[in-house]
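Okay, so here's the structure we're looking at.
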Amino acid sequence: MIGALALLGPVLPGGVPTPSALRPAAPQAAGLESLWWFMLWTCTAVFLVVLAVLAYAMLRPRTEEPPARRAAEIITAAAAVSVVILFAFLIATMATSRKNPNEPRPTDRIVQIIGHQWWWEVHYPGARPDELVISANEIHLPAGRDVVLDLTSADVIHSFWAPNLHGKRDLIPGRHNFFRLRPENVGTYRGQCAEFCGYQHAHMGFIVFVESPDKFEEYLASQRKPAAEPVSADASRGRQVFLTNPCVTCHTIRGTGASGTNAPDLTHLASRRTIAAATVDNTAGHLGGWIADSQGVKPGNHMPPHLVSSEDLLALVAYLRSLS
Amino acid sequence: MSPRERTQPADPRPAPPESPASRRPAGPPPDLGALERSWGTPRGLWGSLATVDHKRIGKRYIATALVFFALGGIEAFLIRLQLSRPESTLLNPDLYNQIFTMHGTTMMFLFAVPVMEGIGIYFVPLLVGTRNVAFPKLNAFGYWMYLFGGLFLYGGFALNAGPDAGWFAYTPLSGPQYSPGHRLDIWSQMITFTELSALIVAIELIVTIFKQRAPGMSLQRIPLFVWAMLVTMCMIILAMPAVMLGSGMLLLDRSTGTQFFNPSEDGDHLLWQHLFWFFGHPEVYIIFIPGLGMISAVIPAFARRKVFGYPAMVLSLITTAFMGFGLWVHHMFAVGLPPLGNSFFTAASMIIALPTGVQIFCWIATLWGSRPRFEPPFAFIVSFFVVFILGGMTGLMLGSTSLDLQLHDTFFVVAHLHYVLIGGAVFPLFGALHYWFPKMTGRTLDRAMGFWTAALLFVGFNLTFFPMHLLGLRGMPRRVYTYLPGTGWGPLNALASVGAVIIAASVLVFLANAIGSRKRAAAAADPWEAETLEWTTASPPPSYNYARIPVVTSRTPGWDVAKGDVGEVVNMRDDLREVLVCRPLDGEPEHREQLPGPSLWPLALAITVTISFIGSVFSPLWFVVGLILCVPPIVGWYWPEGARERPGLEKAA
Amino acid sequence: MSARVIDAAAIPDEPEDHHALVWWGTVGMIVIESTMFALAIASYFYLRMRASEWPSMRIGPPDLTIPTWNLAILLVSVAPAVWADKAAHKNDLRGTRWALALTFLFGLVFLALRVGEFHSLHSRWNSSAYASISWTILGLHTAHVAASLAETAVILAVFLLERVDKRHFLDARLDGVYWYFVVGAWIPLYAVVFLVPRLR
């Protein structure tokens, strides 16, 4: 599939289609799209009519000033029409927002998203505390079900925006914002941070995977498992490299004792299609390059470069790619 | 036929008997030499630094603002170069963040508001028929504060300490934890400089407009441009304190550890946003309403008619200004505030279109069947209609709290804001500059080059900003230093960058036109046959503006002069800087006052205040030291110069 | 021909005080500063609305003794300010001098006790948003008091050292108007900083 798309030009990481607010995949985005077209056509008509009247006013043969009373009547009528149009816009707006209440109900599934400079921490709370799934940058949601996102930030203000699904909502430190989504169409959708948050704001993307409820539960079940034990010698060595380097101060790999929380959880890194917040594909080359020189991929990001020997680097990459 | 020819009296009835008021003046003819000695500025460096002539200070504001416009334009050009293709490595993210912050900060604080202020400072006294603004030394001080604030910001930028958190500087990104160093301190303090300057201009223009009008100029007879400036100045007074308070709180958080914006100590990041946007939304109207005034100033000469519907126009200006304070939350629709509150701000954001719409309808009525003379100033007016109305339409879309969630913080907003600010302020500004250039400089601008400026600006502007609407809908957020190739945003960005080149060309044509004017013929006093007072005096006006203060009888004194319907005030002192002070509503003269002459104290005080403000960025101690240093200039400014200063007044003790 | 000719010699050159340009300028400045205070009060209530405890139980509300005495001193200082106003209106040089000096002294006492008012908050400015906004409101008002006193001092110096004319008496009156503003503004600010924390 990705190979076919490659014929059309560069492709987004993960093979995700280009985003668009005009290709809704959820009722929230669909409602906004309808509002968009209503306002666009009405505004275009107003724009053209006003300019046409202006052009006619200037180009018609010279006459005396229009009688004040007549002109005042016409202007009043035009103002009245304007008020009607503005009121229609207001009603349409209120009708659209009423359809999107955000307050969570007891039966809603909650997905917590915590914004960081420059990645997305994703929590899927379960019924019991040990059912909690923690991941990063790629968000899985069940199709046809209401999900309420619980949005907050660990550092500066970010904004969650997947245009195919809904408008955007800010992630503000010290506040929890609840945001209701109901993705309908199975597929993958790209999103990007939409509130300036520092050096790598431009590369703080994410992918939403909308899948059938069964596949969604399968996903959660597989993510709950601790990290896979390394099978090959290379991967074993890689795990040693991971545990004896500063990696553990920031990253978690459940089951190894590494429990840093400043950076994405790597327990199931190989199950993700992209790395660096949906900036590059999750391949051996990109992973190796990221570890050796993340500043070259995202200058200014908080991961320092790591000088490991080439054998250690290859082993580390082999280990990380085994964490599916 | 010009208005004057059309209105030549052909009345065969005998003239009314002479009343005492209409007898030939009893006083001596005005001694222009004495007036020039009283009101002129001495030549040389001392004169330049000490001048309190509103025309010189006004021109300084305009020239300085245009320099900042060019700098902001270069920053924009760099942004467009960087974004013209995906993953460009021309600018690293740190430099890019500084550049786009400097672009917004420069255009909003150092160009748009000061240039409107400058035109107001130059023309308001001329339009109301007085000789200077109400507080001449304060006027000079205000200019120096603006200049020093701008220099401070650019000095910081040159030393790699340019602000990099956006012109809006949201916390906590702009706070002590995520913006260490002095970048944001310099930004915050620059705001203090420029807002202090704006508040000073506001006070002096409001007092000038209310209290120094020529006799006969009731409030119903002041030009619409003066109404626009009055309304704008009132907005400045109510809006600027919000950003001064907010930036002061940011400075305190950063330097002394206060907790205004720290949620873990009961602070709130939204406090910053509320304070900033309570200022920020009126700010765009502060920029745009003078533009509306300029449209009303330019149209009559070319349509050869007064603007239709004066009361409706005035009411629209006042209503727009008033409502402008009730919209600010539309910048915060994505923040998660209660929906009912958001709906109120949607309603307000929609309804504010109405007064501006009424203004547009009145201008259409003015132009109806007028076959306007198509000259460069008018070309910019026509561009205004096309560009601004489109921007207003996208503004309605953004005002919808629902739809805004898709459009907020994307390039759709970048398109919108440039359509309304460039359409609503820059096009009218260029129209006004072409219109008033002969009056200010005594030289003419080349007509063909003027048309080229307008055409290039119109084409370049639309090419740059129209594609951005589409980019926003296709998911491109704002303030990104680059974007991935797979997004497909490349072609539209490349197109926008080509447009930037054309905009730059138009500005260069204007510069060449202005510089080349020195070699062209001198301008007449009234090249456009316009209806307002400034055209009844020479181009450029002498230091004293009018040989005799006029007495007006209608809204169109420029057209009344030929009919003999403009009187004059005689026997004013020409050995002192004397002005007439009037009653605020009906403009009838009330008393005479003396205004101060050239003085270095405003510059001295500006220097000491600057030391205090700049020093405080580095240490609170400097703030106090600076304040103490301010005492001598304040005393010097105020201390009476003895009998020499006011020879006419009696001593009480 | 409807042109009027107006003889400026017939127009007085001594304004009614409240018609003078500087009067309007002073009023404009007062409007600006009132807006700033109003926004500071709005910020205070905004932060309070979002806090669970205001101030925290640990700190408790501010002491009222010194602040209330200082409020009284400020209100009493209106008396010499009114005296200065009336004396200046009558061009009474001696009266103006004494009244200005007395107002200045009251102001100095007020400033001295203001230090105690800061202490009454018993929390440092950087300990919480409550402390930050309370210190800031106090600080803003203190700056206004200090500026007004400095202005009074300069005018008093002029009255003691120079020959004064009607223009200077107007300036003395305007100094008094500014002092009224400084006193008047303090009444709601005092209520916000010192009484509101006691509302639970």
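The values are calculated or read from the model by the stated rules, or taken from the named source; none is laboratory data. Predicted model only: the values in this text are computed from it and were never measured. Heads up, the Cβs are rebuilt from the backbone with ideal geometry, glycines too, and the neighbour counts pull from every protein chain shown.
The table for this structure:
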item: Qualifying residue in the range B:233-256 (condition: assigned to a helix (DSSP H, G or I) and either in the same structural domain as B:Ala606 (by TED's automatic domain parsing) or under 30 Å from B:Asp560 (Cβ atoms) (or both)); result: yes
item: Selection within the range B:612-643 - modelled with pLDDT under 85 and farther than 28 Å from C:Leu156 by Cβ; result: B:Pro620
item: Filtered residue count, the range B:550-605, keeping only those that are farther than 22 Å from B:Tyr310 by Cβ, in a loop (DSSP other than H, G, I, E, B) and not polar (S, T, N, Q); result: 12
item: Residue under evaluation A:Ile110, criteria (1) more than 21 Å from B:His469 (Cα to Cα); (2) over 25 Å from the mean Cα position of the chain (by Cα), criterion not met; result: (2)
item: Which listed residue, of C:Leu93, C:Leu111, is within 16 Å of the chain's Cα centre (by Cα) and closer than 30 Å to C:Val22 by Cβ; result: C:Leu111
item: Those residues of the range C:26-47 which are at the interface with chain B (Cβ under 7 Å from one of its Cβ atoms), over 16 Å from the mean Cα position of the chain (by Cα) and among the small types (Gly, Ala, Ser), in sequence order; result: C:Ser43
item: Qualifying residue in the range B:217-237 (condition: within 14 Å of chain A (Cβ to nearest Cβ) and hydrophobic (A, V, I, L, M, F, W, C)); result: no
item: Criterion (more than 14 Å from chain A (Cβ to nearest Cβ) and in contact (Cβ under 8 Å) with a residue 60 or more places away in the chain) met by exactly one of B:Gly475, B:Gly442; result: B:Gly442
item: Of all residues making up the range C:147-166, the number that are in a helix (DSSP H, G or I), facing another protein chain (nearest Cβ under 9 Å) and touching a helix residue (DSSP H, G or I) at 6+ places or on another chain (Cβ under 9 Å); result: 7
item: Residue list for the range C:111-132, restricted to those being more than 7 Å from chain B (Cβ to nearest Cβ) and in a helix (DSSP H, G or I); result: C:Leu111, C:Ala112, C:Leu113, C:Arg114, C:Val115, C:Gly116, C:Glu117, C:Phe118, C:His119, C:Ser120, C:Ala131
item: Selected residue (only one of B:Leu398, B:Leu407, B:Leu403 is without any contact (Cβ under 8 Å) to a residue 12 or more places away in the chain and within 14 Å of chain A (Cβ to nearest Cβ)); result: B:Leu403
item: Check on C:Leu111, farther than 23 Å from B:Gly636 by Cβ and surrounded by 21 or more Cβ atoms within 10 Å (Cβ to Cβ); result: no
item: Pairs where the first residue, in the range C:146-160, is surrounded by 18 or more Cβ atoms within 10 Å (Cβ to Cβ) and the second is basic (Lys, Arg), C-beta under 9 Å, 6+ apart; result: C:Leu156/C:Arg97; C:Phe159/C:Arg97
item: Filter pass, B:Gly357 being within 9 Å of chain A (Cβ to nearest Cβ) and of a type in the set (Gly, Ala, Ser); result: yes
item: Residue within the range A:234-248 that is hydroxyl-bearing (Ser, Thr, Tyr), outside any loop (DSSP other than H, G, I, E, B), out of contact with any strand residue (DSSP E or B) (no Cβ under 7 Å at 6 or more places or on another chain) and free of Cβ contacts under 8 Å to residues at least 40 places away in the same chain present; result: no
item: Helices (runs of 4 or more DSSP H) (entirely within the range B:272-387) containing at least 3 residues that are out of contact with any strand residue (DSSP E or B) (no Cβ under 6 Å at 6 or more places or on another chain) and closer than 20 Å to A:Val53 by Cβ; result: B:310-324, B:353-367
item: Qualifying residue in the range A:67-77 (condition: at pLDDT 95 or above and within 45 Å of the chain's Cα centre (by Cα)); result: no
item: Residues located in the range B:67-106, provided they are of a type outside the set (A, V, I, L, M, F, W, C), under 22 Å from B:Ala169 (Cβ atoms) and either assigned to a loop (DSSP other than H, G, I, E, B) or not assigned by TED's automatic domain parsing to the domain that holds B:Ser174 (or both); result: B:Asn92
item: When residues of the range A:73-101 are limited to those that are at the interface with another protein chain (Cβ under 7 Å from one of its Cβ atoms) and β-branched (Val, Ile, Thr), the one surrounded by the fewest Cβ atoms within 10 Å (Cβ to Cβ); result: A:Val83
item: Residue that is modelled with the lowest pLDDT [pool: residues in the range B:261-271 that are within 24 Å of C:Met36 (Cβ to Cβ) and in a helix (DSSP H, G or I)]; result: B:Glu265
item: Hits in the range B:89-110 (condition: away from every other protein chain (no Cβ under 11 Å) and surrounded by 24 or more Cβ atoms within 10 Å (Cβ to Cβ)); result: B:Met102, B:Thr105, B:Thr106, B:Met107, B:Phe109, B:Leu110
item: Residues within the range A:159-183 that are facing another protein chain (nearest Cβ under 10 Å) and either part of a strand (DSSP E or B) or without any contact (Cβ under 8 Å) to a residue 60 or more places away in the chain (or both), tallied; result: 15
item: Residue in the range C:105-124 that is hydroxyl-bearing (Ser, Thr, Tyr) and more than 20 Å from C:Asp17 (Cβ to Cβ) present; result: yes
item: Looking only at the range B:45-88, and only at residues there that are among the acidic types (Asp, Glu) and touching a residue at least 60 places away in the same chain (Cβ under 8 Å), the one that is surrounded by the most Cβ atoms within 10 Å (Cβ to Cβ); result: B:Asp53
